[in-house]
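Below: one structure, written as structure tokens.
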């Protein structure tokens with residue numbers, strides 16, 4: 001199984017590489033998101049809500065990033081699950097806890113938002129008769145970019161594991177090898 | 001856990017097992033023939049769609065159907081054993097995966113026909129990708145029912161992972177693994193020139 005390295009544009013790697021670049025506080029805030037994943041036979045679409053009470057502080061972020069570098073995925077998961085809950089991802093009647101969230105500006109009028117939940121959300125393709133084991137995919141990783149109006153798009157690894165490595169220092173391996181496309185992201189008006 | 005009763009799937013075929021099957025010589029309703037359909041499932045979490053195709057080389061002879069029905073009276077395991085010993089009579093294709101159909105039966109109705117298929121393996125465990133999904137043991141087959149009109153258009157149901165067992169008022173129960181029913185829409189018999 002190929003471990004897919006995310007480039008500097010994606011998820012954890014950006015905050016790791018750009019510690020100190022956290023943008024101005026916008027939380028609490030929430031986003032309505034429509035996601036889809038397509039396969040050879042068809043596709044699945046889902047609506048979800050992502051609520052962020054506050055973003056992870058610089059110190060907490062650095063501690064988690066250091067844990068990943070020194071202890072790998074298992075240590076990172078342990079540390080993440082001990083971190084305070086700072087948001088939720090809700091899909092239908094299911095709610096998942098966000099324990100890591102970062103945002104940072106991109107260009108003049110965009111910002112990138114990245115979230116990590118402390119449990120996997122969905123193992124895409126795991127319903128197949130010959131599906132591979134799901135063990136070890138302990139998290140979900142979400143990343144999207146929105147403009148100043150609050151509209152954007154992104155991707156989600158609904159069942160993922162992370163490890164230090166690659167050009168950016170962080171690699172995310174998704175269970176299915178294929179990401180959920182977040183086709184529309186809309187920041188909720190207060 | 002959803003137990004499908006008399007109105008569904010196999011039951012219609014088994015319960016009316018002594019109704020006269022349609023003639024396999026009919027050009028508009030006989031094997032070999034192929035049906036295309038869109039399978040759709042929806043829940044609070046989202047909605048999924050997939051295209052499936054079912055090809056029937058021939059309908060299962062009455063004698064073999066009877067043997068499988070008799071096996072079912074001895075339980076689910078006996079039914080699965082008998083099913084897997086029966087000859088392949090068709091294929092169900094989803095994307096790049098193909099499954100063997102070993103039970104195919106059609107029964108004439110006022111408006112067309114009701115067709116039932118049993119696949120010798122589960123096709124997909126819908127909901128199996130959720131964390132904490134229930135155990136898959138015993139869901140060893142898949143069941144399809146199509147209700148077709150005389151022009152070759154219809155609708156249907158798919159139990160993508162099913163447990164067929166004796167019981168209930170009709171003597172047959174089909175338990176579905178999936179929490180949400182899968183509907184087959186836009187079912188069309190493919191016209192071969």
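The values are calculated or read from the model by the stated rules, or taken from the named source; none is laboratory data. Remember, predicted model here, so these are calculated numbers, not experimental data. Please note: Cβ atoms are built from the backbone with ideal geometry, for glycine as well, and neighbour counts cover all protein chains shown.
Which one is surrounded by the fewest Cβ atoms within 10 Å (Cβ to Cβ) among residues in region B:127-147 that are within 14 Å of chain A (Cβ to nearest Cβ) and farther than 25 Å from residue B:82 by Cβ?
Here the residue is B:132.
Assess whether residue A:82 counts as being touching a residue at least 40 places away in the same chain (Cβ under 8 Å) and more than 20 Å from residue A:186 (Cβ to Cβ).
So residue A:82 fails the test.
What residue, among those in region B:77-126 that are part of a strand (DSSP E or B) and within 14 Å of another protein chain (Cβ to nearest Cβ), is farthest from residue B:146 (Cα to Cα)?
B:97
Taking the stated definitions as given, is residue B:114 over 17 Å from the mean Cα position of the chain (by Cα) and either more than 21 Å from residue B:180 (Cα to Cα) or crowded, with 23+ Cβ neighbours inside 10 Å (or both)?
The answer is no for residue B:114.
Of the conditions (1) modelled with pLDDT of 90 or more; (2) closer than 26 Å to residue B:188 by Cβ, residue B:42 satisfies every one except a single condition; which number is it?
(1)
Which of (1) surrounded by fewer than 17 Cβ atoms within 10 Å (Cβ to Cβ); (2) touching a strand residue (DSSP E or B) at 6+ places or on another chain (Cβ under 8 Å); (3) within 14 Å of chain B (Cβ to nearest Cβ) is the odd one out, the single condition residue A:150 does not satisfy?
Answer for residue A:150: the failing condition is (3).
Which residues, counting only those in region A:43-79, are free of Cβ contacts under 8 Å to residues at least 40 places away in the same chain, surrounded by fewer than 17 Cβ atoms within 10 Å (Cβ to Cβ) and within 14 Å of chain B (Cβ to nearest Cβ)?
Across region A:43-79, the qualifying residue is only A:43.
Taking the options A:178, A:163, name whichever one is at pLDDT below 95 and in contact with a helix residue (DSSP H, G or I) (Cβ under 7 Å, 6 or more places away or on another chain).
Only one candidate passes the filter, namely A:163.
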